[in-house]
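Have a look at the structure below, then the notes.
All of the numbers you see were taken from the coordinates with simple rules; none came from a lab. All values reported here derive from a predicted model rather than from experimental measurement. Cβ atoms come from the backbone with ideal geometry, glycine included; neighbour counts cover every protein chain shown.
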Amino acid sequence: AGNITFTMIKPDAVAENHIGGITQMIEEVGFRIVAMKKTKLSEERAGKFYEVHKERPFYGDLVKYMSSGPIVAMILEKDNAVEDFRKLIGATNPADAAEGTIRKKYAKSIEANAVHGSDSDENAKIEGDFFFAADERF
Ligand code: CMP
């Protein structure tokens with residue numbers, strides 16, 4: 001039981017074979033994987049996913065990067081899922097990420113930062129619905 005958050009393992013971490021390491025860290029702290037798929041975003045789909053950042057200076061590069069290779073999308077369930085997952089991944093900029101966090105271990109830069117995590121319950125629902133139909137969730 002609990003509520004949900006949404007994550008993507010980003011192209012750099014997938015390309016470097018960190019799917020297993022990251023998924024292990026996620027399960028070890030008590031998240032249950034409700035849905036999971038490896039897929040590749042087109043530039044158009046990546047642009048839509050990150051539409052909230054449209055006006056930011058890094059938007060164009062972010063969209064190119066996120067469509068540059070396959071990603072792994074997941075819906076995760078746990079009590080306090082959104083906040084606890086953000087603690088597990090650490091700060092957006094890996095230079096600021098705490099010891100023991102996913103980004104400390106796997107992120108390469110502020111852009112290629114290994115994983116995405118939803119910032120609110122509302123966005124967790126929107127982002128999960130972006131990737132998964134009802135019959136893909138267990
Ligand atoms: P994410 O949590 O997926 O949400 C937005 C993404 O934009 C962020 O992780 C980074 O990968 C990327 N990004 C690139 N530059 C910046 C920046 N200066 N500030 C915040 N996010 C950035």
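Annotations for the structure displayed:
- Of the GluC sites (Glu not before Pro) found in the range 29-94, the ones in coil according to DSSP and having at most 11 other Cβ atoms within 10 Å of their Cβ are Glu55.
- Euclidean distance between Cα centres, the range 104-123 to the range 37-66, Å: 13
- Cross-link pairs beyond the 19 Å C-alpha cut-off, checked among Lys10/Lys40; Lys10/Lys38; Lys37/Lys125; Lys64/Lys87: Lys64/Lys87
- Residue-averaged 222 nm ellipticity for the chain, from DSSP H runs of 4+ at -39500 (n - 2.57), nearest 500: -10500 deg cm²/dmol
- Between Lys40 and Glu83, full extension at 0.36 nm per residue minus the direct alpha carbon distance yields a gain of 12.8 nm.
- Förster radius 30 Å - calculated FRET efficiency between Glu16 and Lys48, Cβ distance, rounded to 0.05: 0.70
- In the range 3-136 the Cα-Cα distances spread across 5 Å bins starting at 0 as 2, 11, 21, 25, 24, 13, 3, 0 percent of all pairs.
- Lys/Arg +1, Asp/Glu -1 at C-beta; the chain dipole; positive extreme among Phe49, Ile4, Leu62: Leu62
- Fewest-first ordering of Lys10, Lys108 by other beta carbons within 10 Å of each residue's beta carbon gives Lys108, Lys10.
- Between Val29 and Arg137, the modelled label-to-label distance comes to 2.2 nm, taking each label 7 Å out from Cα in the direction of the beta carbon.
- Charge dipole (debye, nearest 20) of the chain; +1 at Cβ of Lys and Arg, -1 at Cβ of Asp and Glu: 340
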